[in-house]
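Each remark here refers to the structure printed beneath this line.
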Amino acid sequence: MTSMRRLLASALLLVVIAVVAGCASRTRAPVEDRATQPGRPPQPPVVSPSTVSPPAATAGAEAGGPTYVVKRGDTLYQIALDSGLDYKELAAWNNIENVNVIRVGQVLRLTAPGSEPAVSPSGVTTAPLRSAPSVVESKPGAPAAAPAPSAPAPAASRDTEGLKTQPKAFKAPYSEQALKDAGRAPAAPPAPPPDTVAMASPAPAPPPKAEPAAPRAAGNDAGDDDDRIDWVWPAKGKIVGTFSDTANLKGIDIAGSAGAPVVASAGGTVVYAGTGLRGYGKLIIVKHNKTYLSAYAHNRDILVKEGDKVSKGQKIAEMGNTDASEVKLHFEIRRQGKPMDPARYLPPA
């Protein structure tokens, strides 16, 4: 009996040892920390599109306003003339203190600060909302549009005491007697439901009586309407040079004698008077409105200064040959800075 117990104890001990050895032989899977693994960059967090804020709109040229990049040989006066602008305003818009100093590659804005259309941060041009009209007019012959649905009407109207003033309609079974009774009853014309009656549109008011246009003041025809300028010839003489886009002739040349009068072709404001434009000699530029300029070059003497108001036909210079090979007046008309053929605007000679 003692031997048997020892044998059982030994067998049991072998089983326990086998179980323990089997458990110890199992190895755990390695745990990899991706966030702190050396040599591996951290993964960026996932951001939904709704959380990304759009970049703010940039100012200046990127806000949508027209610009000009300065090239070699440019002057602020020439850029202003080619853009149809006053060079002083152009300098002020670009914070230029010395109008004779501009840099090659410099980007000049050609509009006043704040004159660009409003742009939202998303880059979309914003405009004020317009409310829809509350009354819709129907065309003759077209069916009237039903108004917006309203609350349903009660089945039967009641008086102030709560009694029915109209009998409730009922459906009788079909019979010959009911048909005869219906034939003897006077047929009342059906009334349209009140909710489907279209409101009659009021008669349109007669158009206001047109007032006659006020006459323009004599000698000052530079109004806001850029096409209502009465041009006159700036000098008397023979045409020795005509306008040509292909030959880069930006105006006409009128030959004359030294000292002959040069007059303003239309009323306006003198925005330039000097010798700052190469090839023009003593030059005068008159701004007539927001669209048109006129230029008078090669003068012997200038009789006006910048900022002066001039009227049509007023003497502003004397003809000469500064920066020219002969005595003549070089005359230009510019529309938004673009040279135009003066013959299209001046009256017949």
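Looking at 306, 332, just one residue is touching a Phe, Trp or Tyr at 6+ places or on another chain (Cβ under 8 Å), at negative phi and of a type in the set (Asp, Glu), and that residue is 306. Restricting 107, 119 to residues that are farther than 19 Å from residue 336 by Cβ and modelled with pLDDT of 50 or more narrows the list to 107.
Check 278, 334, 300 and return the single one that is buried (at least 17 other Cβ atoms within 10 Å of the Cβ), within 21 Å of residue 76 (Cβ to Cβ) and among the basic types (Lys, Arg).
On the way: 278 fails: buried (at least 17 other Cβ atoms within 10 Å of the Cβ); 300 fails: within 21 Å of residue 76 (Cβ to Cβ).
Among 278, 334, 300, only 334 is buried (at least 17 other Cβ atoms within 10 Å of the Cβ), within 21 Å of residue 76 (Cβ to Cβ) and among the basic types (Lys, Arg).
Is it the case, given these coordinates, that residue 267 is touching a Gly at 6+ places or on another chain (Cβ under 9 Å) and modelled with pLDDT of 95 or more? Taking the combined requirement at face value, the residue satisfies it.
Within the range 329-349, no residue that is in the same structural domain as residue 82 (by TED's automatic domain parsing) sits with its Cβ atom under 6 Å from a residue that is exposed (fewer than 15 other Cβ atoms within 10 Å of the Cβ) and assigned to a loop (DSSP other than H, G, I, E, B) at 6+ positions apart or across chains.
List the strands (runs of 3 or more DSSP E) that sit entirely inside the range 283-349 and contain at least 1 residues that are in contact with a Ser or Thr (Cβ under 9 Å, 6 or more places away or on another chain) and over 18 Å from residue 249 (Cα atoms). Quick ask: steps written out before the conclusion?
Working: elements: 292-302, 315-319, 328-335, 338-340.
In the range 283-349, 292-302, 315-319 are the strands (runs of 3 or more DSSP E) which contain 1 or more residues that are in contact with a Ser or Thr (Cβ under 9 Å, 6 or more places away or on another chain) and over 18 Å from residue 249 (Cα atoms).
The values are calculated or read from the model by the stated rules, or taken from the named source; none is laboratory data. Just so it is clear, the model here is predicted, and its values are computed rather than measured. Ideal geometry is used to build each Cβ from the backbone, glycine not excepted, and the neighbour counts take in all protein chains shown.
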